[in-house]
Amino acid sequence: MIDLGEAAEEAIEAARASKHGKGTRVLWTGSHQRLVVVGLTAGAKLAEHASPPAASLQVLAGTVRLYAGEEAEWVVNQGEVVAIPPERHAVDAVTESAFLLTVSLDPHPRTPST
């Protein structure tokens, strides 16, 4: 069993200690799913990156902003969860924050054909 409150505090502490304002705590890595708590200091960002097959972002503390594409934006507060769209996206911390990132991994990754 994992205490999400403790995991959030640990990720925020790691973010405070980081020169980039980011900290993580991996909670679970399996063959089909990964759970990671990400801590961000106010104003810190996760740069735009590719989306996994399916993922969600649940805010455990603070407020974050999720951007996808040119026009999609969600402000997510503590206790709220949002599905991450299947396109490139970025996250920034409106306030000091921690969120649970749940990622479903593709059990049958495609290999490029030659």
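The values are calculated or read from the model by the stated rules, or taken from the named source; none is laboratory data. Note that this is a predicted model, so its numbers are computed, not measured. Heads up, the Cβs are rebuilt from the backbone with ideal geometry, glycines too, and the neighbour counts pull from every protein chain shown. For the accessible areas, the whole protein counts, side chains as well, though only heavy atoms, and no ligand, DNA or RNA atoms are used. Shrake-Rupley method; radii C 1.70, N 1.55, O 1.52, S 1.80 Å.
Carbon-plus-sulfur fraction of the accessible area of the stretch 4-104, 1.4 Å probe, in percent? List each step's numbers first, then the result.
On the way: 2760 of 5400 Å².
Exposed carbon and sulfur together represent 51 percent of the surface.
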| task | Compute the length gained on full extension between A42 and L105: take 0.36 nm times their separation in residues and subtract their Cα-Cα distance, giving the result in nm to one decimal. | result | 19.8 nm
| task | Using the 2.2 N^0.38 Å rule of thumb for compact globular proteins, work out how the chain stacks up: its C-alpha Rg over that value, please. | result | 1.07
| query | Extension gain S31-A72, at 0.36 nm per residue separation less the Cα-Cα distance, in nm? | reply | 11.7 nm
| message | Using the Cα centre of the chain as the reference point, and only Cβ charges (+1 on K/R, -1 on D/E), how large is the resulting charge dipole? Debye, rounded to the nearest 20. | response | 340 debye
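Please work out how much length the chain gains when fully extended from A90 to S56, using 0.36 nm per residue of separation minus the C-alpha to C-alpha distance, in nm with one decimal.
Working: separation 34, 0.36 × 34 = 12.24 nm, distance 1.30 nm.
So the extension gain works out to 10.9 nm.
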| task | Measure nothing fancy, just the Cα-based angle from helix 4-17's long axis to the longest principal axis of the chain, in degrees from 0 to 90, nearest 10. | result | 80 degrees
